[in-house]
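Single-structure report; data block below.
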Amino acid sequence: MDVGTGPGPSMYAVSDFYSNTLPKRQNEDSIREQAGFSIDYVERSYQFRNWLHHFTEFVNYYCPTQIPWLVPFHHGTFDDFQNLEFNQTEIRLERDDDGEQVPFHYVRRHRFDLIVFSNFLTTKEQTAAFSKEIENCARYLRNDGILVVVGAKSSSKKYKEVYGEIEKTIVLGRYSNRKLVARCQRVMLSDSVMGYSWKDGYGERLKALTKSVFDALQAHAGDVIPKEAADLLRNSVQPEYSRPIEWELLVFRKKARPRQQTPNPSVHRTLRDKAAQRR
């Protein structure tokens with residue numbers, strides 16, 4: 001699940017990551033049926049949700065690799081992160097013995113192996129306000145599930161405070177219940193900073209893509225592009241343009257195990273007596 005997905009870069013990256021382990025198929029339907037994973041997202045902006053729907057439909061139709069992005073083709077399940085509910089009461093219609101349609105209530109439980117916050121938690125105050133929702137994300141991870149936070153580098157005082165608040169909320173959360181003993185701990189990475197430069201291979205591909213889009217925009221709607229935006233785009237695709245882009249990752253892992261049940265004394269005595277009889 002991707003939280004605050006916006007235009008969805010994390011979802012497309014996750015889809016690429018998992019799809020690379022799958023054998024190539026002849027058509028999109030067989031890939032979807034055999035993928036072994038599904039993606040969902042949280043996004044309250046109708047414009048972004050609509051864009052994700054149409055963009056995924058378009059690029060998967062023109063799919064030169066024959067491996068489509070398995071991003072939700074229609075809108076994701078969750079709208080707003082505030083008061084996010086992992087156990088949703090839903091209704092479906094079923095027919096009774098008389099053939100009449102009657103409402104049937106059931107609980108749909110959402111449990112995830114991976115939850116991503118990509119540039120969503122940006123201030124300490126916002127993070128503190130969402131502490132209940134952040135803790136619930138860790139609570140409803142499956143065993144060995146991963147929670148990933150992506151943002152600016154912690155060398156920034158602002159983001160150092162944000163990451164400190166996130167870690168405190170997740171690590172100090174209480175996840176055990178009468179059936180499970182559980183915790184969520186930070187995974188210490190050898191290098192938590194990732195990045196690329198506009199002069200390396202990744203940057204050159206981005207320049208080529210940006211230039212093709214900019215050229216198409218100029219050809220069809222050049223008169224409506226603001227001069228400031230046009231100048232910025234024109235400068236960014238020049239061969240000499242170079243700018244390092246870096247970000248940092250925080251990773252947490254959920255661990256859970258069944259709680260040891262206290263044996264019933266009467267059952268214990270019965271088993272002990274039977275064992276004695278066999279001897």
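The values are calculated or read from the model by the stated rules, or taken from the named source; none is laboratory data. Computed from a prediction, not measured in an experiment: that's the story for all the values here. Positions of Cβ are backbone-derived with ideal geometry, glycine not excepted, and every protein chain shown enters the neighbour counts. Areas reflect the complete protein model, heavy atoms only, side chains present, ligands, DNA and RNA absent. Shrake-Rupley method; radii C 1.70, N 1.55, O 1.52, S 1.80 Å.
So what does THR169 come to for accessible area, using a 1.4 Å probe and Å² rounded to 10?
The accessible area of THR169 comes to roughly 10 Å².
In 10 Å bins starting at 0, how do the alpha-carbon pair distances of segment 129-183 split up by percent?
P(r) for segment 129-183, in whole percents per bin: 21, 49, 24, 6, 0.
So how far apart, in nm, are the two label points at ARG243 and SER212 if each is 7 Å from Cα heading toward Cβ?
2.1
Structure shown: which of LYS124/LYS227; LYS160/LYS254; LYS124/LYS179; LYS153/LYS179 lie over 27 Å apart, alpha-carbon to alpha-carbon?
LYS124/LYS227; LYS124/LYS179; LYS153/LYS179
What lysines could a cross-link reach from LYS199, if we take a straight Cα to Cα line under 18 Å and drop same-chain neighbours fewer than 8 places away?
LYS207, LYS211
Just order 1-7, 140-146, 177-183 by mean Cβ neighbour count inside 10 Å, highest at the front, would you? Intermediate results must be reported in sequence, preceding the final value.
Numbers: 1-7: 22.3, 140-146: 16.6, 177-183: 12.4.
Taking the mean over residues of other Cβ atoms within 10 Å, the ranking is 1-7, 140-146, 177-183.
Could you tell me the extents of the chain's C-alpha atoms along the three principal axes, largest first, rounded to whole Å?
Each principal axis gives a Cα extent; for the chain these are 91, 59, 39 Å.
Treating the beta-carbon of each Lys and Arg as +1 and of each Asp and Glu as -1, no other charges, what is the dipole magnitude of segment 51-203 about its Cα centre, to the nearest 20 debye?
So the dipole magnitude of segment 51-203 works out to roughly 1020 debye.
Using a 1.4 angstrom probe on the protein heavy atoms only, could you order ASP96, ASP113 from most to least accessible area?
ASP113, ASP96
Working with all protein chains in place, sort SER190, SER15 by solvent-accessible area computed with a 1.4 Å probe, largest first. Write out the running numbers ahead of the final one.
Numbers: SER190 135, SER15 0 Å².
These residues rank, largest area first, as SER190, SER15.
State the answer as a single residue: which of PHE117, SER156, ASN177 lies farthest towards the positive end of the charge dipole of the chain, with beta carbon charges of +1 for Lys and Arg and -1 for Asp and Glu, about the Cα centre.
It is ASN177, whose Cα lies furthest towards the positive end.
If r is the Cβ-Cβ distance from GLU57 to TYR202 and R0 is 30 Å, what FRET efficiency results, to the nearest 0.05?
0.70
Relative contact order of the chain: what whole-number percent is it, with Cα pairs under 8 angstrom and at least 6 residues apart?
Numbers: 391 pairs, mean separation 46.0, N = 279.
This gives 17 percent for the chain.
Determine the calculated [θ] at 222 nm for the chain from helices alone, applying -39500 (n - 2.57) to every DSSP H run no shorter than 4 residues and normalising by the residue count; nearest 500 deg cm²/dmol. Please report the intermediate quantities before stating the final value.
Numbers: 9 runs with 109 residues, N = 279.
For the chain, the value works out to -12000 deg cm²/dmol.
Report the label-to-label distance for ARG44 and HIS75 in nanometres (one decimal), using points 7 Å from each Cα along the Cα→Cβ vector.
For ARG44 paired with HIS75, the spin-label model returns 1.4 nm.
Can you give me the solvent accessible area of VAL237 with a 1.4 Å probe, rounded to the nearest 10 Å²?
Its accessible surface works out to 30 Å², give or take rounding.
Kindly provide the Kirkwood hydrodynamic radius of segment 66-122 in Å, to one decimal, from all pairs of distinct alpha carbon atoms. Intermediate results must be reported in sequence, preceding the final value.
On the way: mean 1/r = 0.0658 Å⁻¹.
By the Kirkwood definition, the hydrodynamic radius is 15.2 Å.
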